[in-house]
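Worksheet for the structure shown next.
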Amino acid sequence: MKKFALIGAGGYIAPRHMKAIKAVGGDLLVACDRNDSVGVLDSHFPDAHFFTEFERFDGHIDSLRRRGERIDYVSICSPNYLHDSHIRFGLRAGSDVICEKPLVLHPRNLDELAEIEADTGRRINTILQLRLHPIIQDLKAKVAQSNRRHTVDLTYIASRGRWYHASWKGDEQKSGGVATNIGVHFFDMLAYVFGTLQSQTAHLRDPERAGGFLCYEKADVRWFLSVDREDLPESVRHQKSTYRSITIDGKELEFSEGFTDLHTGSYEAILNGQGNGIADVRSSIEVVAAFRTLPIVSTGEIHPIVVDRRGLMS
């Protein structure tokens, strides 16, 4: 039985990791979060030790190691800006790491983490769950067999309340901004399906939304991301808080379902030695990092929602 520790047990995504750990037959020995609203542990690992102070969490893991009870995996669900530090901790504690997206905020950290991997002999794994979605896998196979260039429109609106901007998620220095916080797994999926990125343009960047244009080997992609409920289409605004749409060559790709067990699939792959590591995540981290500094331009293929929001945009 593999032994796990969890950093960020009070976070939104942490229950999916707890479920995945249990599903793969693992045991969560210890968890940490500065907030103590972690009753969800009772549904998965009620006997797990829990700490609100990282120093005590660190000490507990070190005590386990000294008794010969090494933690096999440290799972990380902490705020984005802490991922780099927590990954380093896990590696130096003698554990492999499983980290939520985005792995880090800056590409330079990937090179430093690769050096620590080499020094410690441990491995970093990240969650790139869209790669496991059957619809995306089928799309990748079809694109690989096609010689044509595709036109893609990506829209993702995950409406959030006022709390969002008061939390670390609303602070670009901590979250990386909207494109990083809610979009990085989509950018990974686009490169996974359509190949190497050739160029990108930024059309919109503010605290609530982001949009731009990406040119991949096999596709041109207009994209728009938002956390503002006012961007939801009228047809769904009063029924749903989230809207996903991907059209390829004018045809809607239906993949609104099938997301619930993708973390479990990710854990299964990791335990089988087939997880996604630093090399896999580099493209998406470079895209979102570059987007944060690109000049905003109003020419080129602009997403219709961006046009509507800006009135475009003279």
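Just so it is clear, none of the values below were taken in a lab; they were calculated from the coordinates. Being a predicted model, the structure only gives us computed values, none of them experimental. Virtual Cβ from ideal backbone geometry, glycine too; neighbours counted across all protein chains shown.
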### Query
Mean separation of Cα pairs under 8 Å and 6+ residues apart, divided by the residue count of the chain: what relative contact order is that in percent?
19
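For a test of the definition: using alpha carbon positions, the gyration tensor, and the 1.5 limit on a/c, classify the stretch 1-141 as rounded, prolate or oblate.
In terms of gyration-tensor shape, oblate.
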## Note on the structure
Taking placed amide H atoms and a strict 5 Å upper bound, the residues 5 or more places from Ile98 or on another chain that come that close are Val74, Ser75, Ile76, Asn125
### Summary
Sequence order, the stretch 110-121: Karplus ³J(HN,Hα) from phi using 6.51 cos²θ - 1.76 cosθ + 1.60, θ = phi - 60°, Hz rounded, Gly and Pro as x, gives 5, 5, 5, 5, 4, 5, 5, 3, 5, 5, 8, x
### Query
Over the stretch 1-145, what relative contact order in percent results from Cα pairs under 8 Å that are six or more residues apart?
20
### Task
Work out, step by step, the length gained on full extension between Asp62 and Ala144: first 0.36 nm times the residue separation, then minus their alpha carbon distance; give nm to one decimal.
24.8 nm
### Task
May I ask you to derive the FRET efficiency for Glu301 and Tyr12 from their Cβ-Cβ distance with R0 = 22 Å, giving the value to the nearest 0.05?
0.10
## Note on the structure
Dividing the mean separation of Cα pairs under 8 Å (6+ apart) by the residue count of the stretch 156-314 yields a relative contact order in percent of 29
### Summary
Restricted to the chain, the DSSP antiparallel beta bridge percent, nearest 5, is 45
### Query
Where a ≥ b ≥ c are the square roots of the eigenvalues of the C-alpha gyration tensor, would you call the chain rounded, which needs a/c under 1.5, or, failing that, prolate if a/b is larger than b/c, or oblate?
prolate
### Overall form of the stretch 130-310 per C-alpha gyration tensor (a/c, 1.5; a/b vs b/c)
rounded
### Query
How far apart, in nm, are the 7 Å Cα→Cβ label points at Lys2 and Arg244?
2.4
### Query
Using a Förster distance of 22 Å, how high is the FRET efficiency between Ser43 and Asp72, based on the Cβ-Cβ distance and rounded to 0.05?
0.50
### Task
Could you pull out every residue, at least 5 positions away or on a different chain, whose amide H is within less than 5 Å of the one on Asp261? Hs are placed 1.01 Å off N in the peptide plane, and Pro or chain starts have none.
none
### Query
How high is the FRET efficiency from Arg92 to Ser167, r the C-beta distance, R0 30 Å, rounded to 0.05?
0.55
## Note on the structure
The set of residues whose placed amide H lies less than 5 Å from the amide H of Ala219, leaving out same-chain residues fewer than 5 positions away, is His150
### Query
Cross-link list Lys2/Lys140; Lys101/Lys140; Lys22/Lys101; Lys19/Lys142; Lys140/Lys174: which exceed 23 angstrom alpha carbon to alpha carbon?
Lys2/Lys140; Lys19/Lys142; Lys140/Lys174
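Starting with the highest mean, order 215-221, 92-98, 274-280 by the number of other Cβ atoms within 10 Å, averaged over the residues of each peptide.
92-98, 215-221, 274-280
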### HN-Hα J in Hz across the stretch 25-31 - Karplus 6.51, -1.76, 1.60, θ = phi - 60°, x for Gly and Pro
x, x, 10, 7, 7, 8, 9
### Message
Taking every DSSP beta bridge with both residues inside the stretch 130-310, roughly what % is antiparallel (nearest 5)?
### Response
75
### Message
Whole-Hz ³J(HN,Hα) for each residue in the stretch 131-148, computed from phi via Karplus 6.51 cos²θ - 1.76 cosθ + 1.60 with θ = phi - 60°, x for glycine and proline: what do you get?
### Response
4, 8, 5, x, 5, 5, 4, 5, 4, 4, 5, 5, 5, 4, 8, 9, 9, 8
